[in-house]
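> Right, I'll just put the structure down here and ask away after.
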Amino acid sequence: MKVVRAYVGVGSNLGNRLGMMGKAKERLEANRFISIRKVSKVYETQPAGYLPQNQFLNAVWELETELPPAALLRELVTVENYLGRKSGVRNGPRVIDLDLLGYGNFISQQSELMVPHPRLHERYFVLKPFSEVNARWIHPKFHCTVRELLAKVSNRP
């Protein structure tokens, strides 16, 4: 099978936020088809959208995986559910949030599999940690690097 680099945005704003991020990492690393290669610093950020709620901890992880994109997304959702994520208000509070930001140069705009993440290029709280793990990753839709997207984003803290 082909090994692909994928990028996951990780966030939490309920309970032991850092602990939840660590548990999510452990669960993903337990999958023999996933290897976490790089981990950004963890940033504390203001929530986007729905207010009021606690501040988030955010990070980005670079993975190497043999899983196809849809299977990787299913694994992320499985980990979220295992750790107690509940459906609720969009952009609302959550114990863990695992977003598939990018999967090699793959593009999908299906409602159940949107890759790259449709708001990746708008979010400083994602681009800043993403730039730590791979500032040279090229967004396959916009044809520019994470570093270039970060320089353009307007919602800086």
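The values are calculated or read from the model by the stated rules, or taken from the named source; none is laboratory data. Here the structure is a predicted model, which means the values were calculated and not measured. Glycine gets a Cβ as well: all are built from the backbone with ideal geometry, and neighbour counts include every protein chain shown.
> Under 9 Å by Cβ, and 6 or more places apart or on different chains, what pairs join a residue from the range 62-77 that is closer than 16 Å to residue 37 by Cα with one that is polar (S, T, N, Q)?
Note: pairs meeting the criteria are 62/40; 62/134; 63/35; 64/35; 65/31; 65/35; 67/31; 72/65.
> Then there's this: Just one of (1) outside any loop (DSSP other than H, G, I, E, B); (2) free of Cβ contacts under 8 Å to residues at least 60 places away in the same chain trips up residue 23, so point out which.
Going through the list (1) outside any loop (DSSP other than H, G, I, E, B); (2) free of Cβ contacts under 8 Å to residues at least 60 places away in the same chain, residue 23 breaks only (2).
> A follow-up question, please. I'm told residue 59 meets every condition in (1) of a type in the set (Gly, Ala, Ser); (2) closer than 21 Å to residue 124 by Cα; (3) out of contact with any Pro (no Cβ under 9 Å at 6 or more places or on another chain) except one. Can you identify the failing condition by its number?
(3)
> Anything in the range 6-26 that is basic (Lys, Arg) and out of contact with any strand residue (DSSP E or B) (no Cβ under 6 Å at 6 or more places or on another chain)? List them, or say none.
Passing the criteria: 23, 25.
> Could you run through the range 24-41 and say how many residues are surrounded by fewer than 18 Cβ atoms within 10 Å (Cβ to Cβ) and farther than 21 Å from residue 71 by Cβ?
Residues in the range 24-41 being surrounded by fewer than 18 Cβ atoms within 10 Å (Cβ to Cβ) and farther than 21 Å from residue 71 by Cβ: 3 in total.
Here's the yes/no breakdown for (1) within 17 Å of residue 6 (Cβ to Cβ); (2) aliphatic (A, V, I, L, M); (3) at pLDDT 95 or above:
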| residue | (1), (2), (3) |
| --- | --- |
| 23 | no, no, yes |
| 28 | yes, yes, yes |
| 36 | yes, yes, yes |
| 54 | no, no, no |
| 59 | yes, yes, yes |
| 67 | yes, yes, yes |
| 79 | yes, yes, yes |
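> Among what's in the range 52-78 and is part of a strand (DSSP E or B) and of a type in the set (A, V, I, L, M), pick the residue that is surrounded by the fewest Cβ atoms within 10 Å (Cβ to Cβ).
57
> Name the pairs whose Cβ atoms lie under 7 Å apart, with the first residue in the range 28-40 and under 16 Å from residue 60 (Cβ atoms), the second surrounded by 15 or more Cβ atoms within 10 Å (Cβ to Cβ) and polar (S, T, N, Q), and 6 or more positions between them or separate chains?
Sorted first by the residue in the range 28-40, then by its partner, the pairs are 34/65.
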